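Written out below as structure tokens is the structure these notes cover.
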Amino acid sequence: MSADSSGRASAADPRGDGPSPVPRRRYTREELAIHDGTDPALPVLIAYKGKVYDVTKSFPWAKGLHWGNLRAGQDLSGRLKESIHGEEMLERIPCVGVLEGAGDTS
């Protein structure tokens, strides 16, 4: 990492005083729905507690179906209870945006 003559971190360093990070994309429920894994040209997305995650590279989400019981392109808030794991698994998945109109639903 390099600092400029003022001692501030460069823009490449997110920990410095540089510019704010790029805002996350906002998705409507309709936009989320088309990312259900049926179109191979689109990323496979899910929403959970107001955040949108790209599960395209996650094997259990192959073709938009998670082990046969959860479908991509939906807000899965409150449905993680059906899963064999908890929300800690989402820490491994890239968060790509926020879901408009979503509350922090358990």
(message) Could you tell me how many of the residues in the stretch 79-96 are acidic (D, E) and either in contact with a helix residue (DSSP H, G or I) (Cβ under 6 Å, 6 or more places away or on another chain) or touching a residue at least 24 places away in the same chain (Cβ under 8 Å) (or both)?
(response) 1
(request) Answer yes or no as to whether W67 is of a type outside the set (K, R), at pLDDT below 95 and under 14 Å from the mean Cα position of the chain (by Cα). (result) no
(request) Quick one: which residue in P23, P14 is modelled with pLDDT of 50 or more and on the phi < 0 side of the Ramachandran plot? (result) P23
(request) Could you list, in sequence order, all residues of the stretch 50-64 that are surrounded by fewer than 15 Cβ atoms within 10 Å (Cβ to Cβ) and modelled with pLDDT of 90 or more? (result) K57
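The values are calculated or read from the model by the stated rules, or taken from the named source; none is laboratory data. These numbers were taken from a predicted model, which means no experiment stands behind them. Don't worry about glycine lacking a Cβ; one is built from the backbone with ideal geometry, like all the others, and counts go over all protein chains shown.
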